[in-house]
Structures are given as C-alpha cells and as structure tokens.
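Here the structure is laid out as structure tokens; the discussion comes afterwards.
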Amino acid sequence: MTAIANKIDNYPKSEVAVINLIKVRQELHQIPELAFQEFKTQEYILNKLMSYPGLQIHRFAPTGLLVEYTGSQDKYELFRADMDALPITENTGCDFSSIHPGKMHACGHDIHITILLGLIDQVMQHKPRCNLLFLFQPAEEGCSGAEAVLADLVWQKYEIENAYALHVSPDLPVGTISSRAGNFFAATAEYDVTIEGVSSHIATPEKGRNALQAGIEVYQSVQQLPHIVKSDEHFLCDFGILTAGSVRNAIPAHCLLSGTIRAADRKRIAALKESFKAICQAVSAAYDVKIDTEFLAEYQEVYNSAELLENLKTAAAQTNVNYRQAEMTMAGEDFGFIAARWKGLLFWLGASDKKSYPLHSDRFLPAEEAIEIGVKLFYQLILNKLGT
Ligand SMILES: [Zn+2]
Ligand SMILES: [Zn+2]
C-alpha cells in the first residue's frame with residue numbers, strides 16, 4: 001500500500017500519510033519482544049512519533065507509551081494497542097519474518113501498534129478539535145500490562161470519557177468487525193498446582209507416595225467441576241501442562257500441573273477457585289501428598305459499554321464496514337482492566353489471511369489490509385465524537 005490516507009474515503013485525496021503503514025507493520029513484525037521487554041518496539045514507536053511535533057509523550061517503566069494530543073478543553077478519548085509478542089518460533093515463511101529467535105508476533109499486536117500509529121498520523125494531519133490519548137501498552141500476554149500501566153500516576157492528569165481497543169481476528173474477513181455489549185472476553189485466573197510425594201523404586205511402590213498419580217486425580221477431578229458446581233453458566237477449568245518424574249522406573253516425587261480458569265466474571269472465578277482448592281485438599285488427603293495451589297495472574301472480564309457499541313456500529317456503517325454480533329469468548333484480554341476504569345469497548349477486527357491459522361499459531365499472519373480498516377474506524381469514531 002502506498003499512502004493509507006489516499007485509500008480512506010472521507011479524507012481529502014491529496015493528503016499523504018507521513019509513514020508507510022505496511023512497512024511499519026513489517027518492521028515491527030521482525031522485532032517481536034516478550035512482555036515488559038518491548039524496548040526495541042518502544043524505541044521504534046518513539047522514532048515514528050518524531051514525525052509529529054506537538055504530541056506529549058509519557059514513558060511507562062519499563063516499556064509502554066502514552067501519547068497525548070490536545071485540541072480542546074473536553075474530556076479525553078483513549079485508544080489502546082498492545083505491544084508484546086509470544087515465545088513462539090515463527091513458521092509463516094513470510095519475507096518479513098521475526099529476526100528474534102524463538103519470538104513471534106503470533107497474536108497480531110504488530111498490526112495493533114501499526115493501526116494506532118496510523119490513527120496518530122490521521123489526527124496530526126487533520127488536527128481535530130478534541131482531546132485524545134493513545135496508549136501503547138506492554139505485556140498483554142498473561143502479564144497484565146494494562147494493570148501495570150494503570151497503576152502509573154500519569155492518569156490523574158486526565159479525565160477520560162471513553163476507551164477503545166481492537167484485536168485482529170483470523171475468523172473474520174477483512175472489512176468485517178464484530179463485538180457485543182456486556183461481557184465480551186472472559187475473566188481468567190492462571191494457576192500452578194505443585195505436588196510433592198515420596199520417590200521409591202517402581203518395584204516397591206508401597207514405599208513411595210506417587211505425585212503423578214495424585215496429579216492425574218487432580219486433573220480428572222477438575223474435569224468433573226461442571227457437575228460439582230451445577231452452574232448453567234459456561235466456564236472452563238483446564239490444564240495445559242502436566243510434568244512429573246525424571247526416571248523411567250521410579251515413583252515420581254514431584255508433579256506440576258499448570259492451567260487456567262475462565263468464566264463470565266470475577267465473582268464466578270472466585271467461586272471456582274474455592275471449588276478447585278477443595279479438590280486439591282481432598283486429593284492431598286487421599287494420596288498423602290503435599291499439594292500447593294498457587295494462583296497467578298488474574299484478568300478482569302472485558303465488559304463492553306452498550307453506548308460505545310452503538311458508536312462503533314454507526315462508525316462501521318459510515319465507513320462501509322460490516323458489523324456482526326459476536327459471541328462471548330473464553331479468551332482473556334487485559335483491556336478488561338481499562339474497561340473497568342472507564343467506559344470501554346473492545347472489538348474484533350477481521351484480518352483473515354484465508355488460511356485461517358488461529359491466534360498464537362506459529363503460522364498466524366493476519367492480513368495487512370486490516371490496517372486501513374482499523375485506522376478508518378478509529379478515526380471515524382473521533383469524527384463522530386466531534387459531531388456530538
Ligand atoms: Zn494473544
Ligand atoms: Zn492478542
């Protein structure tokens with residue numbers, strides 16, 4: 001793509017984007033960084049922002065940026081992009097693949113950053129009479145970067161009315177978006193279960209206390225949770241890791257299970273945690289092993305404002321973007337913390353590359369054409385705000 005401004009219907013055709021957004025996306029895609037290590041990414045964004053004098057920039061420690069545009073005395077609108085990548089070895093075969101071994105933008109956050117830079121570009125060309133904040137947020141992937149940046153005192157300076165964010169979707173074609181009012185992304189809680197038994201030769205199991213067997217019991221009991229809690233609400237409680245033992249013919253003394261709970265809201269998560277702990281206590285007693293249950297990062301559910309959803313639908317209709325009603329997803333998103341503090345809206349941005357590899361796949365490569373749609377929609381939301 002040459003200049004994104006030339007492709008957007010509502011803008012004067014003569015205006016040219018200062019930055020080439022396709023190139024920006026490709027360059028960001030090559031330098032994926034993990035949570036709270038987005039130093040090169042932060043420098044890259046700062047470098048691009050130098051093209052636009054007049055913006056106020058606040059750096060979060062250790063990474064992350066808040067960019068302020070002031071054009072009126074009104075409250076601020078906040079637009080957020082997450083910045084981090086995943087510990088995955090890229091296998092897309094694209095000619096702008098990751099140059100960081102074992103790291104990959106497999107969740108499309110490179111596209112999110114690019115869209116926010118494209119939005120800033122539009123704003124700085126057209127200078128709308130409103131107040132805007134652009135948040136480049138670190139560590140969305142399981143490390144709750146949103147919570148970390150929200151703890152910064154810089155927010156006290158601003159009265160924020162609405163907060164928007166998007167996430168690329170491999171399940172929707174370019175030109176289609178999707179969202180819903182109310183609970184959209186699940187509340188989540190991650191956990192580690194560490195089991196300590198006693199090792200012995202496998203020929204004399206009576207002398208050991210089998211941590212692996214206890215781990216399997218925990219695993220199987222947790223699968224029964226939907227029957228135990230008898231809830232109509234959909235929830236998940238499952239494991240992605242089970243490791244135990246180090247020798248083929250010894251009773252394992254250690255076992256680790258790592259997993260996650262997902263439910264509609266944090267209240268339900270709290271109740272499920274209690275049921276989960278009760279299971280671990282029962283297994284501990286039955287197998288005479290020590291079980292530690294450690295709950296790690298928790299994400300607030302994403303609660304979408306019905307009013308902001310109407311704003312999005314209006315903006316979509318004005319920009320010839322299709323809107324579809326979304327189902328609630330059991331994925332987690334730390335935008336939930338932002339949407340809990342201010343009126344917020346998160347939506348899926350169609351970015352199917354026709355191969356439909358899922359998010360976090362080593363082949364996931366969202367379509368670059370989604371960038372202009374994201375910029376266009378965000379900017380239309382700003383234009384409509386000016387009209388109110
Ligand atoms: Zn992700
Ligand atoms: Zn993501």
Original post:
Pick from 240, 245: which is in contact with a Ser or Thr (Cβ under 7 Å, 6 or more places away or on another chain) and assigned by TED's automatic domain parsing to the domain that holds residue 207?
Top reply: 240
Subject >> Residue under evaluation residue 164, criteria (1) under 14 Å from the mean Cα position of the chain (by Cα); (2) more than 16 Å from ligand 2 (Cβ to nearest atom), criterion not met >> reply: (2)
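Yes/no per residue for (1) small (Gly, Ala, Ser); (2) in contact (Cβ under 8 Å) with a residue 60 or more places away in the chain; (3) more than 16 Å from ligand 2 (Cβ to nearest atom):
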position: 290; (1), (2), (3): no, yes, yes
position: 307; (1), (2), (3): no, no, yes
position: 331; (1), (2), (3): yes, yes, no
position: 355; (1), (2), (3): no, no, yes
Original post:
Given 203, 271, 285, 214, which one is at pLDDT below 95 and either over 30 Å from residue 302 (Cβ atoms) or not in a loop (DSSP other than H, G, I, E, B) (or both)?
Top reply: 271
Subject >> Test: residue in segment 366-388 that is more than 20 Å from residue 84 (Cα to Cα), at pLDDT below 95 and of a type in the set (Val, Ile, Thr) >> reply: yes
**OP:** Tell me which residues, restricted to segment 121-142, are assigned to a loop (DSSP other than H, G, I, E, B), in contact with a helix residue (DSSP H, G or I) (Cβ under 6 Å, 6 or more places away or on another chain) and within 16 Å of ligand 1 (Cβ to nearest atom).
**Re:** 138, 139
Subject >> Criterion violated by residue 172 - all others in (1) assigned to a loop (DSSP other than H, G, I, E, B); (2) surrounded by fewer than 16 Cβ atoms within 10 Å (Cβ to Cβ); (3) in contact (Cβ under 8 Å) with a residue 60 or more places away in the chain satisfied >> reply: (2)
**OP:** Have a look at 81, 61, 17 and point out the one that is under 26 Å from residue 107 (Cβ atoms), crowded, with 19+ Cβ neighbours inside 10 Å and modelled with pLDDT under 95.
**Re:** 17
Original post:
In this structure, does residue 32 turn out to be modelled with pLDDT of 50 or more, of a type outside the set (Ser, Thr, Tyr), assigned by TED's automatic domain parsing to the domain that holds residue 315 and more than 19 Å from residue 145 (Cα to Cα)?
Top reply: no
Subject >> Single match in 379, 323 (criterion: assigned to a strand (DSSP E or B), of a type in the set (Ser, Thr, Tyr) and more than 16 Å from ligand 2 (Cβ to nearest atom)) >> reply: 323
Subject >> Pair list, Cβ under 6 Å, 6 or more apart: segment 97-125 residue in contact (Cβ under 8 Å) with a residue 40 or more places away in the chain and away from ligand 2 (no atom under 16 Å from the Cβ), other residue of a type in the set (Phe, Trp, Tyr) and not in a helix (DSSP H, G or I) >> reply: 120/134; 123/69; 124/52
Original post:
Inside segment 67-88, can you point out the residues that are more than 16 Å from ligand 1 (Cβ to nearest atom) and over 18 Å from residue 39 (Cα atoms)?
Top reply: 68, 69, 70, 71, 72, 73, 74, 75, 76, 77, 78, 79
Original post:
Looking only at residues in segment 86-96 that are within 16 Å of ligand 2 (Cβ to nearest atom) and part of a loop (DSSP other than H, G, I, E, B), which one is farthest from the chain's Cα centre (by Cα)?
Top reply: 90
**OP:** Mind listing whichever residues of segment 296-329 are at pLDDT below 95 and among the hydrophobic types (A, V, I, L, M, F, W, C)?
**Re:** 296, 297, 328
Original post:
Considering only residues of segment 143-169 that are within 16 Å of ligand 1 (Cβ to nearest atom) and within 16 Å of residue 113 (Cα to Cα), which is surrounded by the fewest Cβ atoms within 10 Å (Cβ to Cβ)?
Top reply: 169
Subject >> Selection from segment 136-154 of residues that are in contact (Cβ under 8 Å) with a residue 40 or more places away in the chain and more than 15 Å from ligand 2 (Cβ to nearest atom) >> reply: 147, 148, 149, 150, 152, 154
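The values are calculated or read from the model by the stated rules, or taken from the named source; none is laboratory data. Bear in mind the structure is a predicted one, so any value in this text is a computation, not a measurement. When we count neighbours, we look across all protein chains shown, and the Cβ atoms used for this are built from the backbone with ideal geometry, even at glycine.
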